[in-house]
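Beneath this line is the structure, given in structure tokens, with notes to follow.
The values are calculated or read from the model by the stated rules, or taken from the named source; none is laboratory data. Nothing here was measured: the structure is a model prediction, and the numbers come from that model. Quick reminder, even Gly has a Cβ in these numbers, built from the backbone with ideal geometry, and neighbours come from all protein chains shown. Surface areas here come from the heavy atoms of the whole protein model, side chains and all, with no ligands, DNA or RNA. Shrake-Rupley method; radii C 1.70, N 1.55, O 1.52, S 1.80 Å.
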Amino acid sequence: MTDTDPAPSTAALRTAAPSDLVPPTLRDVLDARRTLAAHLEPTPVRSYEPLDTATGAHVVVKHENLQPTGAFKVRGALNLLLRTTPDERARGVVAFSTGNHAQAVAHAARATGTSCTIVMPTDPNPTKAHAVRTLGARLVLHGATFDDARERAAALAAETGARLVSAANEPLLVAGVATAYLELLEQAPDLDVLVVPVGGGSGAAAACLVARALAPDIEVVAVQSSASPAAHDSWRSGTLRTAVNASRAEGLATGCGFALTQEILRAQLDDFVLVDDDALDRAAGLFLTGARTVAETAGAAGLAAVLADPDRFAGRRVGVVCTGGNSSPAELRRVLAAVPA
């Protein structure tokens, strides 16, 4: 079922309950791995000569596009919902997303018998919207952007008593996502640098938590689209910022910084860079031709940053995560057009 809802009331937004924003620890990450072991298999790590040739680095790819929902977000959603009480499951959850977080929460809700409402912008990636419906969640379309959907979701949670599941301000979600980087450092222990895509920042925060605890000499670099630079600007300024939100890579298209992930990034991230949307298309094209991998453009952001600054990464062992492969048909056509003849 799909509804198009009116704008939320200001009063409803004011009553939305905040999350407990205590950053997770390595112990929380290890607990998450134990929780997820019966539900998710480790994803593979691979290297590809064409990627090394194109970048001048030795690129190690973690394939989170092979998760059941096609993206890394499922780790966080399952870790969170598997820990909810029967009463919380009966009251249900509400989540907001441009797609991958939506699918992750819908998948976890189905696995735990939890009522689920997902709010997405009114022109969503059809591949991701179809997956949400197939997973049995109620889909509400509202507003033009991720930020509009976030406001509507907060209002719905306040009105119904359901649990609002943020895309980033969730310690259990970040701990679950961090299991991907725990696996990566076990599979490729000799990395020099991790380059991590950022929308809300759960992936980059997770990478920092694991790297600082287990391999503090590894450099962690975050990357976001220059068309939606709110997380980047928040980190650079040291305060939560809003910014234009115009990236066509929906997984990176957030218009504000998030308190929990920014707290972790401010303390532990080495650097934060921007790439433009055309660079994201080219990186997704290289994944397609050089690694035989469908990567949505947001999922190719780590590779895009390496391609954009070859001198920085030349000769280094660089870990990138293909964070998602849920490309829409239109996105695939655009990426193919960016592939050199």
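Counting only heavy atoms of protein chains, what accessible area per residue, in Å², does the stretch 94-231 have with a probe of 1.4 Å? Don't skip to the answer; put the middle values down first.
Details: 3650 Å² over 138 residues.
For the stretch 94-231, the per-residue accessible area is 26 Å².
Share of Cα-Cα pairs in the stretch 119-159 beyond 15 Å, in percent? Can you show the working numbers first?
Numbers: 324 of 820 pairs.
Summing the P(r) tail past 15 Å for the stretch 119-159 gives 40 percent.
What is the packing order of peptides 45-57, 228-240, taking the mean over residues of other C-beta atoms within 10 Å and listing the highest first? Don't skip to the end; give the middle numbers.
Working: 45-57: 16.5, 228-240: 19.5.
Highest mean packing first, the order is 228-240, 45-57.
Rounded to a whole number, what % of the accessible area of the stretch 171-256 do carbon and sulfur atoms account for, probe 1.4 Å? Numbers along the way, then the final one.
On the way: 1260 of 2430 Å².
Heavy-atom surface of the stretch 171-256 belonging to carbon and sulfur, 1.4 Å probe: 52 percent.
Specify whether the C-alpha gyration tensor of the stretch 216-270 places it in the rounded, prolate or oblate class, a ≥ b ≥ c being the square roots of the eigenvalues: rounded for a/c under 1.5, otherwise prolate if a/b is larger than b/c and oblate if not. Intermediate results must be reported in sequence, preceding the final value.
Values: a/c = 2.46, a/b = 1.51, b/c = 1.62.
Note, shape of the stretch 216-270 comes out oblate.
Where Rh is the Kirkwood radius over the Cα pairs of the stretch 20-63, the temperature 20 °C and the viscosity 1.002 mPa s, what D in µm²/s does Stokes-Einstein return?
Values: Rh = 13.3 Å.
D = 161 µm²/s.
Expressed as a whole number of Å, what is the distance separating the alpha-carbon centroids of the stretch 17-88 and the stretch 239-292?
17 Å
Once you sort the root eigenvalues of the Cα gyration tensor of the stretch 59-161 as a ≥ b ≥ c, which label holds: rounded (a/c under 1.5), prolate (a/b larger than b/c) or oblate (the other case)?
Working: a/c = 1.90, a/b = 1.15, b/c = 1.65.
Judged from the Cα gyration tensor, the stretch 59-161 comes out oblate (a/c at least 1.5, b/c at or above a/b).
Ordered by packing density, taken as the mean number of other Cβ atoms within 10 Å over each peptide's residues, highest first, how do 28-38, 148-158, 128-138 rank? Could the numbers behind the result be given before it?
On the way: 28-38: 17.2, 148-158: 23.6, 128-138: 18.9.
Ranking the peptides 28-38, 148-158, 128-138 by packing returns 148-158, 128-138, 28-38.
Placing unit charges on C-beta atoms (Lys and Arg positive, Asp and Glu negative, everything else neutral), compute the dipole magnitude of the chain about its Cα centre in debye, rounded to 20. The partial results should precede the final answer.
Details: 30 positive and 36 negative charges, 152 e Å.
Here the size comes out at about 740 debye.
Hey, what's the Cα Rg ratio for the stretch 18-92 versus the globular rule of thumb, 2.2 N^0.38 Å? Provide the component values of the computation, followed by the final result.
Numbers: Rg = 16.9 Å, N = 75, 2.2 N^0.38 = 11.3 Å.
For the stretch 18-92, the normalised Cα radius of gyration comes out at 1.49.
Would you mind computing, in nm to one decimal, how far apart the modelled labels at Asp192 and Glu49 are, each placed 7 Å from Cα along Cα→Cβ?
Placing both labels 7 Å along Cα→Cβ, they lie 2.2 nm apart.
Can you give me the % of accessible surface on the stretch 44-85 that is carbon or sulfur? Probe 1.4 Å, all protein chains present, nothing else counted. Walk me through the intermediate numbers first.
Working: 720 of 1370 Å².
Summing carbon and sulfur atoms, their accessible area is 53 percent of the total for the stretch 44-85.
Suppose we keep just the alpha-carbon trace of the chain; what are its Rg and Dmax in angstrom?
Every Cα atom of the chain included, Rg and Dmax give 18.4, 57 Å.
Amide H of Leu194 versus every other amide H placed in the peptide plane: which residues, excluding those fewer than 5 positions away on the same chain, fall under 5 Å?
Glu219, Val220, Val221, Gly319
Taking just the C-alpha trace of the stretch 248-293, give me its Rg and Dmax in Å.
Cα-based Rg and Dmax for the stretch 248-293 come out at 14.2, 38 Å.
Taking the mean number of other Cβ atoms within 10 Å as a proxy for protection, how do you rank 109-117, 60-68, 200-208 from highest to lowest?
Ranking, from highest mean packing down: 200-208, 60-68, 109-117.
Quick one: which residues, 5 or more positions from Cys116 or on another chain, have an amide H under 5 Å from its amide H? H modelled 1.01 Å from N in the peptide plane, none for Pro or chain starts.
Val93, Arg138
Hydropathy first: keep DSSP H helices in the chain averaging at least -0.5 on Kyte-Doolittle, then drop any whose Cα extent along the axis falls short of 20 Å, and list what survives.
Numbers: long enough: 146-160 (21 Å, -0.42); 171-187 (24 Å, 1.08).
Membrane-span-like by this criterion, though nothing is claimed about a membrane: 146-160, 171-187.
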